[in-house]
Amino acid sequence: MTARPTRVVDAHVHLWDPERTEWYPYLSRPQAHGSGDPSRMSRRFDVDTYRAESAGWNVEKFVNVAAATGRHSVEETIELDREAPGAGGPDAIVGGLPPTETAAEAVGLIDRQMAAPRFRGVRPMGGLDRPIPDAGVLGALHERSLVFELMTHPDQLRSAATQLSGYEGLVVVEHTGWPRSDSAEERALWRTGIDALAGLGDNVLCKLSGLAMSFGSVQLDALAPWLEYALEAFGVDRCMFASNFPVDSVHGTFDELYATFCAVAAGLDDESRDKLFAANAERVYRC
C-alpha cells in the first residue's frame with residue numbers, strides 16, 4: 001500500500017443532522033446511487049462520527065462547507081462556528097450565498113457570516129444555472145479576503161472562466177469541476193472548462209473531491225483519469241484533496257477514498273504531497 005500522508009487538512013466536509021428537515025430537506029428523501037448505500041449520506045454526521053471514520057489519517061483540521069438550503073446556510077455558519085470550540089471543529093467554514101434580489105442583500109448576508117471567526121468564504125446555495133454572482137458580490141468577497149467556491153457542471157465551466165477573467169480574489173473550483181458522466185461529450189466539455197479555469201492564474205484553485213457522486217466509486221480506476229488531468233492542469237500548488245464526507249461515503253470508506261488519493265500522489269515528492277493533502281487547504285482557508 002502507498003504510504004499515507006503525514007497529515008491531512010480535509011477541505012470539504014458536511015456536518016449535518018437529517019432531523020433538521022427545514023435545513024436539510026433532501027436528507028429525508030434518500031436517493032438510490034447505483035450500487036451505493038444512500039443511508040450513508042442521509043444520516044447524522046457530526047464531528048465525532050467524522051473523527052471515527054477518518055481515524056488513522058492524522059486529520060489535523062477540516063473545513064465545513066455549507067449544506068443547509070437557502071438562507072438556512074447563513075444560520076448554519078453561525079451555529080457551527082459557535083459550537084466548534086466544544087465540538088472539536090470545524091476549523092474553517094465555507095458558508096452559504098443564497099439567491100437574493102439585489103447584490104446589496106447578498107453582501108448583507110456575507111457580512112452576517114463575517115461575525116463568525118471561522119468563516120472563510122461562500123458557495124452558491126441556489127440552482128446551478130447562474131454559478132457566478134454579480135460583480136459587486138465578487139468584489140465584496142475580494143475586499144473581505146473571502147473565498148468564492150465555484151459549484152457547477154462542465155457545460156458551464158468555460159463560461160464561468162470567462163466571467164471570472166480579471167477577478168483577483170480567491171476562487172476554488174469545487175468537486176473537480178463536477179462531471180456528471182464519463183461520456184466522451186462530458187469529458188470534452190470538462191477538459192475545456194478545466195483548462196480555461198486553470199489558465200486564469202494562481203488565484204484559482206481546484207478541490208479534488210466529489211467525483212464519487214458521478215461515478216459511483218471511490219476506487220482508483222474510476223477517479224484517477226479525472227484527478228490526474230485536473231492535477232496536471234492546475235499543478236500541485238493549486239489543488240487540494242478533500243473527502244466530501246458523508247456524501248462520498250455512499251460509495252466507500254474514508255480509508256478507500258484516501259488510498260485512491262495516495263495512489264494518485266504516489267510519484268510526487270514529500271513537499272508536493274503535503275501541499276495536496278494539507279498545506280494548500282491550510283493556506284486557502286487560513287486554518
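The values are calculated or read from the model by the stated rules, or taken from the named source; none is laboratory data. Because the structure is predicted, anything quoted here is derived from the model rather than measured. Ideal geometry is used to build each Cβ from the backbone, glycine not excepted, and the neighbour counts take in all protein chains shown.
Checking each residue in region 78-123 for being under 14 Å from residue 13 (Cβ atoms), touching a residue at least 40 places away in the same chain (Cβ under 8 Å) and surrounded by 15 or more Cβ atoms within 10 Å (Cβ to Cβ) picks out 80, 89, 90, 91, 92, 94, 118, 120, 123. Of all residues in region 15-55, those being modelled with pLDDT under 95, touching a helix residue (DSSP H, G or I) at 6+ places or on another chain (Cβ under 7 Å) and not charged (D, E, K, R) number 8.
Just one of the listed residues (238, 286) is surrounded by fewer than 19 Cβ atoms within 10 Å (Cβ to Cβ), within 18 Å of the chain's Cα centre (by Cα) and under 30 Å from residue 119 (Cα atoms), and it is 286.
If you go through region 157-209 and keep only what is crowded, with 19+ Cβ neighbours inside 10 Å and out of contact with any helix residue (DSSP H, G or I) (no Cβ under 8 Å at 6 or more places or on another chain), you end up with just 174. Scan region 172-192 for residues that are assigned to a loop (DSSP other than H, G, I, E, B) and out of contact with any Phe, Trp or Tyr (no Cβ under 8 Å at 6 or more places or on another chain) and the total you get is 4. Do you know which residues across region 34-77 are small (Gly, Ala, Ser) and either touching a residue at least 12 places away in the same chain (Cβ under 8 Å) or closer than 22 Å to residue 118 by Cα (or both)? Hits for region 34-77 are 34, 35, 36, 42, 54, 56, 66, 67, 68, 70, 73. The criterion of being outside any loop (DSSP other than H, G, I, E, B), more than 14 Å from residue 53 (Cα to Cα), in contact with a helix residue (DSSP H, G or I) (Cβ under 9 Å, 6 or more places away or on another chain) and of a type in the set (A, V, I, L, M, F, W, C) does not hold for residue 259. For residue 20, the conditions (1) in contact (Cβ under 8 Å) with a residue 60 or more places away in the chain; (2) among the basic types (Lys, Arg); (3) assigned to a loop (DSSP other than H, G, I, E, B) are fulfilled apart from (1). I'd like the full set of residues that are without any contact (Cβ under 8 Å) to a residue 40 or more places away in the chain and at positive phi, limited to region 197-234. Residue satisfying the conditions is 201 alone. The listed residues are 243, 209, and the only one of them that is under 19 Å from residue 153 (Cβ atoms), of a type in the set (S, T, N, Q) and out of contact with any Ser or Thr (no Cβ under 6 Å at 6 or more places or on another chain) turns out to be 209. Does residue 107 satisfy being more than 26 Å from residue 198 (Cβ to Cβ) and either in a helix (DSSP H, G or I) or of a type in the set (Val, Ile, Thr) (or both)? Spelling it out, residue 107 is indeed more than 26 Å from residue 198 (Cβ to Cβ) and either in a helix (DSSP H, G or I) or of a type in the set (Val, Ile, Thr) (or both). If the condition is being of a type in the set (A, V, I, L, M, F, W, C), closer than 21 Å to residue 125 by Cα and outside any strand (DSSP E or B), then region 32-68 contributes 41, 66, 67, 68. If we keep just the residues of region 132-182 that are of a type in the set (Val, Ile, Thr) and more than 18 Å from the chain's Cα centre (by Cα), which is nearest to residue 281 (Cα to Cα)? So, considering only residues that are of a type in the set (Val, Ile, Thr) and more than 18 Å from the chain's Cα centre (by Cα), the one nearest to residue 281 (Cα to Cα) is 137.
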